[in-house]
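Note sheet for the following structure.
The values are calculated or read from the model by the stated rules, or taken from the named source; none is laboratory data. Given the structure is predicted, the values throughout are model-derived calculations rather than measurements. Cβ atoms come from the backbone with ideal geometry, glycine included; neighbour counts cover every protein chain shown.
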Amino acid sequence: MAVSLIISTYNWPKALELVLESVLHQSRMPDEILIADDGSDGQTKELIDAFRKSITIPVHHHWQEDRGFRKTFIMNEAMASSTGDYCIQIDGDIILHSEFVADHLSEATRGFYIKGSRAMLSPDRTKAILKTKDISINPISKGVGSKINATRFPLLSRIFKGDTLRSNNLRGCNFSFWKEDFINVNGYNTDLQGWGHEDIELAARLTNLGIKQRQLKLKAVCFHLYHKLNGRDQEDVNYKIYLDAVKNGTVRCKNGLTNS
């Protein structure tokens, strides 16, 4: 099965460099990497161009002009060009455990999408990692929060069942799904602009399609580099769109991969 790894990013090349380094250490490499860039400056392009020289799989850089937070647009563009049967989505500030891709693939099941977790890194630990570029992270070390989320213990992973019909807890930084399902709901809803709730709105429409959530803990471990919160001016507007999708049982958004 071919798998595409999609990484969203915006103007933080020092973090993206560490994310890409963690990809190089995967026990099971993705078949392609697609970077969805919401308007970064030239430093990010230079980093990606240099990274291509260290890896044999295709690396595609999708870029759009910086006109505010428009993640939904660039994610759809990247997803549309992906060639994998299965897609794993992360953010450009997420350092991956070496079994991250393999763990997602081991849990990939038709009729489900996977909602993974993240372990939060403290400001001081993040600063140290960015300085040293040492991405070997011990879950019990100082500055590593969410100890359960930071621990990989596959034998106990199944004890975390979760609510298969829940959609309001999804985070796009650790998320995987069948590309066919993404197409069937018309991808990300581009009516959601500005930070907030684009991932859960997508999850709601997947649920309405009949795709259930598989909560994944103690596998597919990743670590979130600390940063200040994004502006949230559109959060309430976006959340209402999510609630409408839940209430109305919406499966396909009007404006997404295609406009209709």
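Any residue at all in the stretch 158-165 that's farther than 23 Å from residue 96 by Cα, of a type in the set (S, T, N, Q) and buried (at least 19 other Cβ atoms within 10 Å of the Cβ)?
no
Scan the stretch 157-194 residue by residue and report those that are hydroxyl-bearing (Ser, Thr, Tyr) and part of a loop (DSSP other than H, G, I, E, B).
Across the stretch 157-194, the qualifying residues are 164, 167, 188, 190.
Would you check which residues across the stretch 33-42 are within 15 Å of the chain's Cα centre (by Cα) and either of a type in the set (Asp, Glu) or more than 19 Å from residue 95 (Cβ to Cβ) (or both) and list them? Walk me through it before giving the result.
Quick first cut of the stretch 33-42, residues within 15 Å of the chain's Cα centre (by Cα) only: 33-38.
Those that are within 15 Å of the chain's Cα centre (by Cα) and either of a type in the set (Asp, Glu) or more than 19 Å from residue 95 (Cβ to Cβ) (or both): 37, 38.
Given the conditions (1) closer than 30 Å to residue 131 by Cβ; (2) out of contact with any strand residue (DSSP E or B) (no Cβ under 7 Å at 6 or more places or on another chain), and given that residue 226 satisfies all but one, which numbered condition is not satisfied?
Tallying (1) closer than 30 Å to residue 131 by Cβ; (2) out of contact with any strand residue (DSSP E or B) (no Cβ under 7 Å at 6 or more places or on another chain), residue 226 fails exactly one: (2).
Kindly evaluate residue 206 against the criterion of being assigned to a helix (DSSP H, G or I) and on the phi < 0 side of the Ramachandran plot.
So residue 206 passes the test.
What pairs come up if the first residue lies in the stretch 164-185 and is touching a residue at least 40 places away in the same chain (Cβ under 8 Å), the second is of a type in the set (Asp, Glu) and not in a helix (DSSP H, G or I), and their beta carbons are under 6 Å apart, counting only those six or more places apart or on different chains?
173/91
Can you go through 188, 226 and tell me which one is of a type in the set (Ser, Thr, Tyr), touching a residue at least 60 places away in the same chain (Cβ under 8 Å), under 24 Å from residue 9 (Cβ atoms) and crowded, with 22+ Cβ neighbours inside 10 Å? Even if it seems obvious, please write down each step before you answer.
Working: 226 fails: crowded, with 22+ Cβ neighbours inside 10 Å.
Criteria check complete, one pass: 188.
Sort through 35, 94, 88, 48 and tell me the only one that's without any contact (Cβ under 8 Å) to a residue 60 or more places away in the chain and touching a helix residue (DSSP H, G or I) at 6+ places or on another chain (Cβ under 7 Å).
35
What strands (runs of 3 or more DSSP E) completely inside the stretch 1-116 contain at least 1 residues that are under 21 Å from residue 201 (Cα atoms)?
Where strands (runs of 3 or more DSSP E) fall fully within the stretch 1-116 and carry at least 1 residues being under 21 Å from residue 201 (Cα atoms), they are 3-9, 32-37, 86-91, 112-115.
Give 248, 208, 255 a once-over and let me know the one that is farther than 24 Å from residue 165 by Cβ and over 19 Å from the mean Cα position of the chain (by Cα).
255
Mind telling me which of the residues 111, 84 ends up being of a type outside the set (D, E, K, R), under 25 Å from residue 181 (Cβ atoms) and surrounded by fewer than 16 Cβ atoms within 10 Å (Cβ to Cβ)?
On the way: 84 fails: surrounded by fewer than 16 Cβ atoms within 10 Å (Cβ to Cβ).
None of the other options fit; the residue is 111.
Quick check: is even one residue across the stretch 181-200 aromatic (Phe, Trp, Tyr), at pLDDT below 95 and more than 28 Å from residue 17 (Cα to Cα)?
Taking every residue of the stretch 181-200 in turn, none turns out to be aromatic (Phe, Trp, Tyr), at pLDDT below 95 and more than 28 Å from residue 17 (Cα to Cα).
This table checks each residue for (1) buried (at least 17 other Cβ atoms within 10 Å of the Cβ); (2) of a type in the set (Asp, Glu); (3) closer than 21 Å to residue 101 by Cα; (4) touching a Ser or Thr at 6+ places or on another chain (Cβ under 9 Å).
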| site | (1), (2), (3), (4) |
| --- | --- |
| 30 | yes, no, yes, yes |
| 33 | yes, no, yes, yes |
| 42 | no, no, no, no |
| 57 | no, no, yes, no |
